[in-house]
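Inspection log for the structure reproduced underneath, given as structure tokens.
The values are calculated or read from the model by the stated rules, or taken from the named source; none is laboratory data. This structure is a prediction, so every number in the text was calculated from the model and none was measured. Positions of Cβ are backbone-derived with ideal geometry, glycine not excepted, and every protein chain shown enters the neighbour counts. Accessible surface is based on the protein model in full, side chains and every heavy atom, while ligands, DNA and RNA are left aside. Shrake-Rupley method; radii C 1.70, N 1.55, O 1.52, S 1.80 Å.
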Amino acid sequence: MNIERFQKILEAYGSREENWPSSERREAQLFVQDRVDAQQFLQEHLQEHLQEHRLLDIRLDEYLPRQSPATRDNVLKNLPVSSLDSFLNWLIPEFRTDIWHPLVAGTLPLVIGIVIGTNASMGTLDNDNAESADNWQAEDVYFLALDESQITMGLIND
Amino acid sequence: MGLDEPDLVRKSINGDQSAYQLLLDQHLSSVSNFVMRMMANTAEADDIIQETFIRLWTHGDKFNPEKAQLTTWLHNIAHNLCIDHFRKFKRLVEEPGTEKASALAGPEDKAIQADMTATVQEAMMKLPERQRSAIIMCHYQGLSNKDAAMILDVSVDALESLMARGRRKLKQMLLVDGQLQ
């Protein structure tokens, strides 16, 4: 810390120590307290300057921001929601999105299970149908074969 | 509670409104003060504040806690929205204070305070936008010089130069012979 740097801090950040850069604050405080040359410089050149910055800081504090109590509610009211959320809100007013998310996550395995189960059973039915058609044909051939064997046996007996 | 801000932001991205409301309650006042001072307390400030927090809801995934604190990220969004607004409606910014006078009419002390606020506000609005931003961020908002420099996309040296020039102009406008006006 030197006089030039201290002056630069004062001009940029003002007279309040809490506004000075945190990395240099302690050093700047010690500089003002301990350094004789700084004290002399302050006395000779900076005192008026420092006073001006103090007054300016006080003046700046007069700039109060307008308070708008409705802002919080307006932000929450205007949050964009997904189409599913808005549908659920329409369906069940006051439906909370933080409830349906785990609910959907919980029912998802059930839905997937039903879909897989339905598809699997449809496949099995198709197979069964195919097999029963094959069996029918086999049985038909078998009976025909029996008839032929009975004829053959009759011929033998004759 | 036991949840830090990055956790709350993650929950908020996933649609958790209670996490979002906690973040809103933590940052609304600070961001609101920043925007109000940047925008000279005009009605447009409300829209910018709302838009800033809607971005937190819709674009929270862009927040990187390793790069910046949430307050810095929100100030950055708010600052960019203010600058966009100034560029779009330049004339409105050059005529500050009209709405203010009617909004704060009331008891005598309120009127005096409004008058004091209006004087400083008028001086602030005469500053170039970057000087005003730098002073508001460091003097009023308590942002560190590094965070303010990051938001303005300048070096810390350049930030200090902006603040020094801004304060010099404010002194000329607000102080007469080193005294309060």
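Mind checking which residues of region B:138-169 are open to solvent by less than 30 Å² (accessible area, probe 1.4 Å) and small (G, A, S)?
Correct list: B:A148, B:A149, B:A164, B:G166.
Checking B:V154 against (1) farther than 20 Å from B:A40 by Cα; (2) more than 10 Å from every other protein chain (Cβ to nearest Cβ); (3) assigned to a helix (DSSP H, G or I), only one condition comes out false. Which one?
The one condition B:V154 does not meet is (3).
Which numbered condition in (1) modelled with pLDDT under 85; (2) away from chain B (no Cβ under 11 Å); (3) open to solvent by less than 40 Å² (accessible area, probe 1.4 Å); (4) under 46 Å from the mean Cα position of the chain (by Cα) is the only one that A:L42 fails?
Failing condition for A:L42: (4).
Any idea how many residues of region B:12-63 are hydroxyl-bearing (S, T, Y), surrounded by fewer than 22 Cβ atoms within 10 Å (Cβ to Cβ), within 17 Å of the chain's Cα centre (by Cα) and within 8 Å of chain A (Cβ to nearest Cβ)?
0
Given the structure, is B:R87 at pLDDT 80 or above, charged (D, E, K, R), open to solvent by less than 50 Å² (accessible area, probe 1.4 Å) and part of a helix (DSSP H, G or I)?
It is false that B:R87 is at pLDDT 80 or above, charged (D, E, K, R), open to solvent by less than 50 Å² (accessible area, probe 1.4 Å) and part of a helix (DSSP H, G or I).
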